[in-house]
Amino acid sequence: MDHRLLISATFISLLSLTLPPEAHSASFKLINRCRRTIWPGFLSGANSPPLSSTGFELRTGKSRTLTIPKSWSGRLWARTLCAHHSNQTFSCVTGDCGSGKVECAGGGAAPPTTLAEFTLNGAGGLDFYDVSLVDGYNLPMLILPKGGSGGGCSATGCLVDLNGACPADLRVARGTHGPSVACKSACEAFGDPRYCCSEAYATPDTCGPSVYSLFFKHACPRAYSFAYDDKTSTYTCASADYVIIFCPPPYTSQKLVGARKDGAPLPLVNKTTMYIATDHSSGALSSGLVQRHFTACAASILSALLLFWPIILPL
């Protein structure tokens, strides 16, 4: 072989060893464990490649898997209580994306909505992901990384149904006297810069947790509860596929979700307390409200729930 070709081949081989690995295309498997049909929606970031679908119907007990492009960033959520109307439009009571169709086509979720947020193949080749209640809450959601390496690759989400226990000031009801179907953030409910982390409160030093954000945080320790809740709410993994479960069992097995390995030793569920569906006649929220929503009979209620919800999910 010509010496120049040999040197060139050797250089290319050495260069290939120093280059970062090719970005991984992920798959998202969405599973509906809710008692009703949901309509997942997707919104890609400004510089992200489009997805094959931006919205679809997902019936109870069904799943659907999407291939996600390399280095994609964006968010996904579940729309609930949706309907096709006589004028050929489509809308949802919670999570509506304003497109008038099942496909969201670039429309984002109207709050309050539980959000799953992803940045794939980001800094250091890591995926960054979280479940956010910053824009409020409409359904429990769980993110499970599968087959990843690097980072913590821990599960995150909000496994508790907060709608029944939502403070009156934050409740979104279906109809005048209907049940609560979503729970607003304090920012949306009051527009106060203190709760929105805006204006004079636009930095981590000036905007901290409020009694309202603690309502969400106590029930869902790993979920984002306000804008600067990064330390306990952002998770990382590399080269993983992801399972996103809507309405997962509140006590999904520890073997399945794993322990958090990339930060504070937070549980996926606050096992000492449990929100119980209840109505609140007063709109006032005091510092003791969170604990007053909890009950000592949670264990017996969960035992009954587990008769109907499998602990080890068929993923």
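The values are calculated or read from the model by the stated rules, or taken from the named source; none is laboratory data. On a predicted model such as this, the values are computed, not experimentally measured, just so you know. For neighbour counting, all protein chains shown are included, and Cβ atoms are generated from backbone atoms with ideal geometry for every residue, glycine included.
Here are some notes:
- Considering residues of the range 6-32 that are farther than 30 Å from THR60 by Cβ and not in a helix (DSSP H, G or I) only, the residue modelled with the lowest pLDDT: LEU19
- Matching residues in the range 43-67 - criterion: being more than 17 Å from LEU115 (Cα to Cα), touching a Leu at 6+ places or on another chain (Cβ under 8 Å) and among the β-branched types (Val, Ile, Thr): THR65
- Applying the criterion of at least 1 residues that are over 30 Å from ALA186 (Cα atoms) to the strands (runs of 3 or more DSSP E) found wholly in the range 33-146 leaves 63-68, 73-84, 141-146.
- Wholly enclosed strands (runs of 3 or more DSSP E) of the range 175-253 bearing at least 2 residues closer than 25 Å to CYS92 by Cα and not small (Gly, Ala, Ser): 180-183, 241-246
- Every pair of residues 6+ apart whose Cβ atoms lie under 8 Å, when the first sits in the range 201-218 and is touching a residue at least 24 places away in the same chain (Cβ under 8 Å) while the second is surrounded by fewer than 14 Cβ atoms within 10 Å (Cβ to Cβ) and in a loop (DSSP other than H, G, I, E, B): VAL211/SER286; VAL211/SER287
- Of everything in the range 78-94 that is in contact (Cβ under 8 Å) with a residue 60 or more places away in the chain and buried (at least 23 other Cβ atoms within 10 Å of the Cβ), the residue that is nearest to ARG64 (Cα to Cα) is ALA78.
- Scan of the range 60-88 for residues that are hydroxyl-bearing (Ser, Thr, Tyr) and either out of contact with any Gly (no Cβ under 8 Å at 6 or more places or on another chain) or farther than 14 Å from TYR242 by Cβ (or both), ordered by number: THR60, SER63, THR65, THR67, SER71, THR80, SER86
- In the range 147-167, the residue that is nearest to the chain's Cα centre (by Cα) out of those that are closer than 19 Å to PHE226 by Cβ and part of a strand (DSSP E or B) is GLY157.
- Residue in the range 95-102 that is without any contact (Cβ under 8 Å) to a residue 12 or more places away in the chain and surrounded by fewer than 18 Cβ atoms within 10 Å (Cβ to Cβ) present: yes
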